[in-house]
Amino acid sequence: MKGQEQGGRDLRLDFFRGLALWFIFVNHIPANQFAWLTSRNYGLSDASEVFVFISGYTSAMVYAKVYARSGWGLAAAKVLDRCWTLYLTYIFLFIGFTAQVAYTTRAFDNPLFAEEMGIGSFFADPAVALVQALLLKFRPANLDILPLYIVLLLVVPLLLPVLVRRPMQLLAASGGLYVLTRHFGWNLPTYPEGGEWFFNPFAWQFQFVLGAVLQRFPDATAALTRPRLPALLLAAAYVAASLLLALSWQIASLGAFMPPRLGEVLYPISKTDLDPLRLVHFLALAYLVLQVARPDSAWLHSRLLAPVVLCGRQSLHVFCLGIFLSFAGQTVLVQVNGSLFAQFAVTIIGITAMILTARVLTWYQSAGRPPRPAAPALEDSGA
């Protein structure tokens, strides 16, 4: 197939995961006008929904295959091994990022960096904060999605038998937990006391399971690429309405036309608890995108888009690098030069560094390695 590598790797997963990582990097730089090029400002959902959905999809694709071939024990071991890798990565990321923020705070004598990045409590009591970080309860800003991924992946061994045999029942149970979570306000605590997880795992598990279950129905996934006029019109209408709503938050003249009663009904549109409006927006947008992003789409092999695909394949390393680069970019814009040209330079240099890192990692992983039977790579499949 043109848009699908020999062996069945779906380039759409790598492309949209890579694009999500670029968007996350750009959006993590405050006062960066080039964030207007990302999806966050044009709808109710953003790159987080894309990342979690693809993570669920690829988890099912990789571990259900291991489960079917080698049994539950090996599949569970593979999942736990991946969780351990992610956990160690998070601890490294926490220590490195905290050191980066602390050094920057001291170098520029600007305590606002520490407060804005959420590490003020670390300096108040480093020993307790470090223990809480090991428990995934203390997290600087911008690191929230990795602990969410770890927790969701930890549950995969328990879900695998149901996912393989009765996926729709799993989706129903996941939906029930999502509804109960939103009704009763369930969430996990964070440190310092009184806080909650920014990405509520009891709510966001539904996005993860939705991706996993959809992977189990390839015929249904293929059917979504075939346009149906009523569905297209409904999805387009919802995406357009979401666009107007999102723009009304940024453009005062447009916000003045929004009826006050509308705000009373819609708000708050919680990202923490995966508000249904965000969920529906993601589904509507995904349906529209699938009309032009099919497994055999030739544009997926475009040389212009190859760097995005490459970053998607090295998602974990690129995500970690993006965390450091986004704060470095913020430091430059706040302390050195905040001009539009500086914002452009910071954005381009950061994305270029991510691409080069992905290229080096891909070269290193493939150097001297004999050809393998094609399969989604367990090491960095996003699962």
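Kirkwood hydrodynamic radius (Cα pairs, Å) of segment 36-93?
It works out to 13.6 Å.
If packing is taken as the average count of other Cβ atoms within 10 Å, what order do 121-128, 355-362, 153-160 fall into, highest mean first?
153-160, 355-362, 121-128
Using amide H atoms built 1.01 Å from N in the peptide plane, name the residues 5+ places from Gly195, or on other chains, whose amide H lies under 5 Å from its own.
Thr190
Please find the FRET efficiency linking Leu243 to Leu74, where r is the Cβ-Cβ separation and R0 is fixed at 41 Å, and quote it to the nearest 0.05.
Once rounded, the FRET efficiency stands at 0.35.
FRET efficiency for Ala252 and Leu158, Cβ-Cβ distance as r, R0 = 56 Å, nearest 0.05?
Computed FRET efficiency for Ala252 and Leu158 comes out at 0.70.
Between segment 130-178 and segment 263-322, how far is it from one alpha carbon centroid to the other, in angstrom?
Using only Cα atoms to place each centre, the spacing works out to 19 Å.
With N set to the residue count of segment 109-149, report its C-alpha Rg divided by 2.2 N^0.38 Å to two decimal places.
Working it through for segment 109-149, the quotient is 1.19.
Could you give me D for segment 156-199, from Stokes-Einstein at 20 °C and 1.002 mPa s, where the hydrodynamic radius is the Kirkwood radius over C-alpha pairs? Units µm² s⁻¹, please.
174 µm²/s
Can you give the relative contact order of the chain as a percent, counting alpha carbon pairs under 8 Å and 6+ residues apart?
Relative contact order here is 33 percent.
Report the far tail of the P(r) of the chain, meaning the percent of Cα-Cα pairs longer than 34 Å.
The share of Cα pairs beyond 34 Å in the chain comes to 29 percent.
At 20 Å minimum axial length over the Cα atoms and a Kyte-Doolittle cut of -1.0, report the qualifying DSSP H helices in the chain, or say none.
11-27, 47-70, 72-107, 145-165, 167-184, 201-215, 229-248, 276-290, 315-331, 340-366
Could you pull the Rg and Dmax for segment 196-317, using just the Cα atoms, both in Å?
17.6, 48
Please work out how much length the chain gains when fully extended from Phe108 to Thr85, using 0.36 nm per residue of separation minus the C-alpha to C-alpha distance, in nm with one decimal.
4.9 nm
Run lengths n ≥ 4 of DSSP H only: what is the helix-derived mean residue ellipticity at 222 nm for the chain, with -39500 (n - 2.57) per run over all residues, to the nearest 500?
-21500 deg cm²/dmol
By the gyration tensor of its Cα atoms, with a ≥ b ≥ c the square roots of the eigenvalues, what is the shape of segment 1-105: rounded for a/c under 1.5, prolate for a/b over b/c, or oblate?
oblate
Please give, to one decimal in nm, the separation of the simple spin-label points placed at Glu196 and Asp296, each 7 Å out from Cα toward the Cβ.
Label at Glu196, label at Asp296, 4.8 nm between them.
Cα gyration tensor of segment 103-242, axes a ≥ b ≥ c as square roots of the eigenvalues: rounded (a/c below 1.5), prolate (a/b > b/c) or oblate?
Verdict is prolate for segment 103-242.
Only the coordinates and a few stated rules stand behind these numbers; no lab work does. Fair warning: this is a prediction, and the values are worked out from it, not measured in the lab. A quick note on method: Cβ atoms are made from the backbone with ideal geometry, for glycine too, and the neighbour counts reach across all protein chains shown.
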